[in-house]
Amino acid sequence: MEKMTLRDIDVQGKRVFVRVDFNVPFNEEGEVADDTRIRAALPTIGYLIDRGARVILASHLGRPKGKPDPRFSLRPVAGRLSALLGREVGFAGDCVGPAAQDSVRAMSDGDVTVLENLRFHPEEEVNDPEFAGAMASLADVYVNDAFGTAHRAHASTAGIPAHIPAVAGFLLEKELTSLGMLVSEPAPPFVAIVGGAKISDKIGVLERLMARADCLIIGGGMANTFLAAQGKDMAQSLVETDRLDVARGLLEKVAREKMDLLLPVDLVAAPSRDQADRREIVDTDSVPEGWMALDIGPRSVELFGKRIREAKTVFWNGPMGLFEVSGFDAGTQGVAEATAESDGVTIIGGGDTVRAINQAGLADRVTHLSTGGGASLKMVEGKKLPGVEALNSR
Ligand code: ADP
Ligand code: MG
């Protein structure tokens with residue numbers, strides 16, 4: 001990797017500011033409902049503790065709109081981290097100013113302190129240089145281990161590295177090597193599967209993958225727009241009418257350059273999202289009047305699955321249907337199984353897609369689950385991430 005990582009620097013006795021992604025969901029009792037993201041940061045935190053660093057952790061949580069709001073406090077997260085580490089974890093009521101300075105001054109080697117939510121300050125999201133400088137003054141070294149926000153130029157991602165040496169943590173390093181491989185040297189055949197609700201979020205990714213992948217598979221809601229662009233009547237299905245030209249343009253390019261593109265050959269349709277019991281498997285040109293396509297059909301699963309199983313590299317982003325509703329989840333489940341069964345390198349990105357593979361119980365059978373939705377798509381698009389660019393190069 002071109003960027004420096006934790007392994008490249010001496011952290012013994014140093015104050016290390018670690019940008020983590022502790023943006024976790026809470027339950028109604030205000031407890032951490034899912035600590036996956038906290039656990040994901042443990043390798044970096046543990047490494048620093050073992051080497052006697054003073055570990056200062058900073059994250060955003062939710063959307064507090066630039067002012068303190070107790071509903072978005074990181075205090076319960078510090079509590080959960082303490083339980084996971086089996087040691088005391090300090091908490092500072094602010095990420096800059098006296099509260100932060102006093103907490104850091106009180107730390108000894110090997111101590112861990114969580115700073116309060118970065119987004120309690122409007123300066124965070126506009127990458128205010130003074131605010132970044134104030135955070136940098138708390139530490140000797142900066143570590144970015146928050147891949148999910150690396151595509152945003154915020155003070156805690158792109159700003160702090162202007163002031164102190166900055167390197168990648170282990171989680172960020174894993175993301176960069178796994179996703180970087182897709183862009184630089186995917187082993188052929190490289191099969192990419194893109195789904196989800198809309199094309200509009202993913203045009204750049206689709207264009208890039210058309211050029212890079214040996215086979216591009218399109219499913220989910222976005223396939224409806226492509227099928228409509230081919231002149232098919234999608235009835236009440238989700239179709240982006242303002243993207244029909246884009247879809248047509250992409251299809252023409254595929255035909256012109258003889259690219260391998262697969263669209264669904266059958267669909268699961270129903271009168272509405274909450275009438276799964278009335279669902280029927282239909283051909284792509286036979287969605288009944290007034291009905292909507294909410295999943296890909298079994299023949300599509302078989303067609304897609306065959307290519308996925310034979311692939312040496314698989315990238316998947318976007319569910320094949322309304323997988324949250326039982327009855328419309330079989331397509332997503334089928335693609336998840338094919339991906340798990342492939343013995344190539346398999347990489348999955350996207351919040352909902354990761355949820356789907358967890359729901360399918362197959363998460364441990366893929367090579368890499370990316371923790372960052374937007375950031376992973378940006379990488380696959382071949383774009384630079386400001387939070388990564390800011391780090392020191394080797
Ligand atoms: P990711 O978060 O993995 O990037 P997206 O957010 O792009 O994925 O898309 C996921 C959403 O798309 C899910 O909520 C899913 O229900 C929805 N979806 C997929 N296919 C359809 C469809 N045919 N009709 C309506 N919604 C769909
Ligand atoms: Mg999503």
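From the list K258, K253, K198, the one residue that fits, being of a type outside the set (A, V, I, L, M), in a helix (DSSP H, G or I) and over 30 Å from L138 (Cβ atoms), is K253.
Regarding segment 204-222, can at least one residue be identified that is more than 16 Å from ligand 2 (Cβ to nearest atom), touching a Pro at 6+ places or on another chain (Cβ under 7 Å), assigned by TED's automatic domain parsing to the domain that holds A330 and closer than 24 Å to E302 by Cβ? The answer is yes, given that some residue of segment 204-222 is more than 16 Å from ligand 2 (Cβ to nearest atom), touching a Pro at 6+ places or on another chain (Cβ under 7 Å), assigned by TED's automatic domain parsing to the domain that holds A330 and closer than 24 Å to E302 by Cβ. In segment 298-315, is there at least one residue being farther than 30 Å from R212 by Cα and either touching a helix residue (DSSP H, G or I) at 6+ places or on another chain (Cβ under 6 Å) or away from ligand 2 (no atom under 16 Å from the Cβ) (or both)? No: segment 298-315 contains no residue that is farther than 30 Å from R212 by Cα and either touching a helix residue (DSSP H, G or I) at 6+ places or on another chain (Cβ under 6 Å) or away from ligand 2 (no atom under 16 Å from the Cβ) (or both).
When the residues of segment 183-201 are filtered to those that are within 16 Å of ligand 1 (Cβ to nearest atom) and touching a strand residue (DSSP E or B) at 6+ places or on another chain (Cβ under 6 Å), which remaining residue is farthest from D260 (Cα to Cα)? Selected residue: V194. Criterion applied to L61, L84 was being assigned to a loop (DSSP other than H, G, I, E, B) and farther than 17 Å from F131 by Cα, and the one residue passing it is L61.
Please enumerate the residues belonging to segment 316-336 that are in contact with a Leu (Cβ under 7 Å, 6 or more places away or on another chain) and within 14 Å of ligand 2 (Cβ to nearest atom). N317, G321, L322, listed by residue number. Here is a check on your reading of the model: is A155 over 14 Å from I56 (Cβ atoms) and modelled with pLDDT of 95 or more? In short, yes.
Residues that are within 23 Å of G46 (Cβ to Cβ) and either β-branched (V, I, T) or out of contact with any Asp or Glu (no Cβ under 6 Å at 6 or more places or on another chain) (or both) are absent from segment 95-102 altogether.
When the test is whether a residue is of a type in the set (D, E, K, R), in the same structural domain as F328 (by TED's automatic domain parsing) and within 13 Å of ligand 2 (Cβ to nearest atom), R355 passes it. Among the residues of segment 270-314, those that are closer than 22 Å to A192 by Cβ and among the charged types (D, E, K, R) comprise D295, R299, E302, K306, R307, R309, E310, K312. Just so you know, in segment 168-195 the residues that are assigned to a strand (DSSP E or B) and surrounded by 24 or more Cβ atoms within 10 Å (Cβ to Cβ) include one that is nearest to ligand 2 (Cβ to nearest atom), and it is V194. Does P288 satisfy being part of a loop (DSSP other than H, G, I, E, B), within 16 Å of ligand 2 (Cβ to nearest atom) and either hydrophobic (A, V, I, L, M, F, W, C) or touching a residue at least 12 places away in the same chain (Cβ under 8 Å) (or both)? For P288, the condition - part of a loop (DSSP other than H, G, I, E, B), within 16 Å of ligand 2 (Cβ to nearest atom) and either hydrophobic (A, V, I, L, M, F, W, C) or touching a residue at least 12 places away in the same chain (Cβ under 8 Å) (or both) - is not met. Please find, within segment 118-151, the residue that is nearest to G13 (Cα to Cα) out of those that are hydrophobic (A, V, I, L, M, F, W, C) and part of a helix (DSSP H, G or I). This residue is A136. Residues in segment 266-278: is at least one farther than 20 Å from V239 by Cα, more than 8 Å from ligand 1 (Cβ to nearest atom) and assigned to a helix (DSSP H, G or I)? Yes, that holds for at least one residue.
Results for (1) among the aromatic types (F, W, Y); (2) modelled with pLDDT under 95; (3) in contact with a strand residue (DSSP E or B) (Cβ under 7 Å, 6 or more places away or on another chain), shown as yes or no for each residue.
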site: A92; (1), (2), (3): no, no, yes
site: Q101; (1), (2), (3): no, no, no
site: V104; (1), (2), (3): no, no, yes
site: Y142; (1), (2), (3): yes, no, yes
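The set of residues in segment 353-391 that are surrounded by fewer than 18 Cβ atoms within 10 Å (Cβ to Cβ) and basic (K, R) comprises R355, R365, K383, K384.
Residues in segment 90-131 that are hydrophobic (A, V, I, L, M, F, W, C) and closer than 18 Å to F26 by Cβ: F91, V114, L118, F120. Scanning segment 64-78 for residues that are in a helix (DSSP H, G or I) and over 25 Å from the mean Cα position of the chain (by Cα) turns up just one, P70.
The values are calculated or read from the model by the stated rules, or taken from the named source; none is laboratory data. Just so you know, these numbers come straight off a predicted model, no measurement behind them. Glycine gets a Cβ as well: all are built from the backbone with ideal geometry, and neighbour counts include every protein chain shown.
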